[in-house]
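A.B. asks: Just dropping this structure here.
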Amino acid sequence: MGSSFFVYSIVQYISMETIVSLIKAAETWNSVENQCLEILGEFKWINGFICENCKGQKFKVNKDFSRKCTDCKKSYSPIQTTLLIQPELD
Ligand SMILES: [Zn+2]
């Protein structure tokens, strides 16, 4: 019984069930994260999408739920907050 047996014992100790549940947890977290981004995006552009750069209204939704202006190709993240009104400090 050499070191390979020891490694085998550890692999046995971490059961397949544990590995599967860890993978499932990671997948669930991913989908939860995606759902949050999707919802945030819906709220951010609830009144419609207007590109801050070119005022274009046509967009494409990327895989990460950011919206990309089809005219000037500028991307907007649903989690990135943009200040539309900047107070002037005099
Ligand atoms: Zn644009």
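A.B. asks: Can you give the charge dipole size of the range 3-76 about its Cα centre, rounded to the nearest 20 debye, using +1 on the beta carbon of Lys and Arg and -1 on the beta carbon of Asp and Glu? Could you put the intermediate results ahead of the total?
C.D. replies: Numbers: 10 positive and 8 negative charges, 113 e Å.
Roughly 540 debye, rounded to the nearest 20.
A.B. asks: In a shell of Cβ-Cβ distance under 12 Å around LYS68, excluding LYS68 itself, what net charge do Lys and Arg (+1) and Asp and Glu (-1) give? The partial results should precede the final answer.
C.D. replies: Numbers: positive: LYS58, LYS60, LYS63, ARG67, LYS73, LYS74; negative: ASP64, ASP71.
Cβ neighbours under 12 Å give a net charge of +4.
A.B. asks: Under a Cβ-Cβ cut-off of 15 Å, what is the net charge of the residues other than SER77 that fall near it, where Lys and Arg count +1 and Asp and Glu count -1? Let's see the in-between values first.
C.D. replies: Numbers: positive: LYS44, LYS60, LYS63, ARG67, LYS68, LYS73, LYS74; negative: GLU33, GLU38, GLU42, GLU52, ASP64.
After counting each charged neighbour, the total is +2.
A.B. asks: Over all alpha-carbon pairs in the range 3-76, figure out the percentage whose distance exceeds 16 Å. Display every interim value, and only then the final one.
C.D. replies: Values: 1736 of 2701 pairs.
Every Cα pair in the range 3-76 considered, those over 16 Å come to 64 percent.
We did not get these values from a lab; they are worked out from the coordinates using the rules stated. Computed from a predicted model, the values in this text were never measured in an experiment. Methodologically, a virtual Cβ is constructed for each residue, glycine included, from the backbone with ideal geometry; neighbour enumeration extends over all protein chains shown.
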